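Below is one structure, written out as C-alpha cells; comments come after it.
Since every read-out is calculated from the coordinates, none of them should be taken as a lab result. This is a predicted model, so every value here is computed, not measured. Here the Cβ positions follow ideal geometry from the backbone for every residue, glycine too, while neighbour counts run over all protein chains shown.
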Amino acid sequence: MSNNKACPIVGLNPKTGRRWRNGRNADRKQKAATPVRPAVPPSGVSRYLREDDRIYIADRLREKATIRATAAELGRSPSTISGEVRRNRTVGTRGQWRYRPHAAHARADARRPRPKLGKIGQNLELRDFIQNHLDLRWSPEQICQALRARFPRRPEMHVVHETVHQALCVQGRGELRRELAQAVRTGRVRRRPRRQAQQRQSRFRDPMVMIGERPAEAEDRAVPGHWEGDLIIGKDGASAIGTLVERATRYVMLPHLPTGRGTELVRDALVEAVQTLPSHVKRSLTGDQGSEMGRHREFTIAADVPVYFCGPASPWQRGSNENANGLLRQYFPKSTDLSVHTREHLAAVAAELNGRPRKTLGLQTPAERLHKLLTV
C-alpha cells in the first residue's frame with residue numbers, strides 16, 4: 001500500500017507515517033531518527049532464512065525482481081530462494097498463489113523441530129522393499145531405480161540413494177535394520193578420500209603392449225569382446241581369485257585359482273576361461289602390470305587373445321574391472337582365505353552378480369545383454 005492508504009488503517013497521520021518509514025534528519029527541535037525498516041537486505045547470512053529474509057523476498061517478488069537477483073542481494077543460492085517460495089507460498093482455490101512472509105515463516109518453524117522420522121520410516125511398504133533388496137546385495141542406487149520402475153505413479157515410493165545410505169548409517173535414524181549396513185558394498189559407514197597408489201616397475205620379460213595401442217572400438221564399448229582382467233587377493237597374499245569383466249556388457253567371469261597365483265597358474269586359468277567363449281566375444285584382454293601376468297605372451301599364443309597393459313598406478317583405465325572387484329568383496333572379504341571357494345561356488349557368485357540390473361545398461365542385467373549378443 002501507499003503511505004496515504006496505510007496510515008489511516010493504523011491510525012497515524014500521513015506525515016508521521018512518512019517520518020517512521022523514511023527516518024528524519026536532526027534539527028533544533030528533534031533528534032535524528034533512522035527508518036523503521038531500511039530498504040536494504042539484512043546483513044549477515046545464517047544457516048536458515050530469517051523472518052527479515054522472508055519479508056525482503058516478498059518485497060522483491062512484488063517488485064517483479066528475478067529469483068537470481070533476490071538471491072544475489074541476500075547472499076543465497078538461487079535454489080534456496082526458489083525452494084522457499086515453492087514450499088511456503090499460499091495457494092488459492094483457483095491455483096493462484098501469493099507469498100506471505102509471516103505465514104511462510106510460521107510454516108518453516110512448524111517443520112523445523114527434530115528429530116523427525118524419515119520417509120523410509122514412515123512407509124512400511126517402502127522400508128520392506130529396501131530391506132529385501134539389500135538382503136539380495138543390491139546397491140542403494142539400484143534399489144532406487146527399481147522403485148521408480150516398479151511404482152512409476154507413486155511418488156511416496158521414490159527415494160534417492162543418499163536417503164537409503166542415511167537410513168543405514170546415520171546414528172539415531174533406525175529406519176532400517178542396523179545389520180543391513182554390512183550389505184553396503186564398501187562395508188564402510190563413512191566416505192573416505194582416495195589415496196594415490198604407488199607406482200611399480202614392469203616385471204615382465206616379454207615386452208608389453210600398452211593400452212594406447214588397443215583398438216578404438218574397445219574404448220567406446222561399441223563392440224563386445226574386449227575384456228578387463230585382474231585378481232582379488234586373499235589373506236597374506238597366499239590365495240587369489242581371477243576376475244574377468246567384458247567392457248560392453250559388464251559380464252563377469254571368475255577363473256578358479258585353488259592352488260595359488262603363480263604366473264603359470266594364472267595363465268592356465270585365463271586360457272580355460274576364455275576358451276568357453278565364442279570367437280566374436282574374445283577380442284582383447286586388458287590387465288594391470290601385476291607380476292601374475294608375467295606369461296602374457298604365452299596366454300596370447302594359447303588363447304589367440306592379444307593382451308594390453310594399463311599404465312602404472314592407473315586403475316581407472318580398467319574401470320569396469322575395478323568396479324566388479326569392489327562388488328565381489330561382498331562375497332570374498334579381504335584378509336580371508338580365498339582358496340576354500342570351489343569352482344561351483346565361484347560360478348554361483350558370478351551368476352548372481354550377472355543377474356543384477358545395472359544402471360549403465362539401462363537397468364538390464366549383464367546376463368541379458370550378453371545373451372542378446374550370443375543369439376544374434
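Structure notes:
- Backbone geometry of segment 287-293 corresponds, through the Karplus equation with coefficients 6.51, -1.76 and 1.60 at θ = phi - 60°, to 3J(HN,Hα) couplings of x, 8, 9, x, 5, 5, 8 Hz, x marking Gly and Pro.
- Sorted on the mean count of surrounding Cβ atoms within 10 Å across their residues, most packed first, peptides 18-29, 362-373 read 362-373, 18-29.
- Förster radius 56 Å - calculated FRET efficiency between residue 304 and residue 47, Cβ distance, rounded to 0.05: 0.30
- Highest mean first, the peptides 256-263, 73-80, 285-292 sorted by other C-beta atoms within 10 Å per residue fall in the order 285-292, 256-263, 73-80.
- Segment 243-373 shape via C-alpha gyration tensor axes, a/c threshold 1.5: rounded
- Taking all Cα pairs closer than 8 Å and separated by 6 or more residues, the relative contact order of the chain comes to 11 percent.
- Dipole axis of the chain (+1 Lys, Arg; -1 Asp, Glu on Cβ), positive-most option in 30, 300, 65: 30
- Using alpha-carbon coordinates, inclination of helix 366-375 to the longest axis of the chain, degrees: 50 degrees
- When 316, 138, 97, 227 are arranged by Cβ crowding within 10 Å, least crowded first, meaning fewest neighbours, the order is 316, 97, 138, 227.
- Cα centroid separation, segment 328-361 to segment 1-30: 78 Å.
- Mean-position separation - Cα centroids, segment 130-154 and segment 215-247, in angstrom: 28 Å
- Candidates 164, 223, 91: whichever shows maximal mean-square fluctuation once the chain is modelled as a Gaussian network with Cα springs under 10 Å: 91
- Order of 309, 332 - criterion: other Cβ atoms within 10 Å of each residue's Cβ, fewest first: 332, 309
- Helical runs assigned H by DSSP (4 residues or longer) give the chain a calculated mean residue ellipticity at 222 nm of -11500 deg cm²/dmol, each run adding -39500 (n - 2.57) before division by the residue total.
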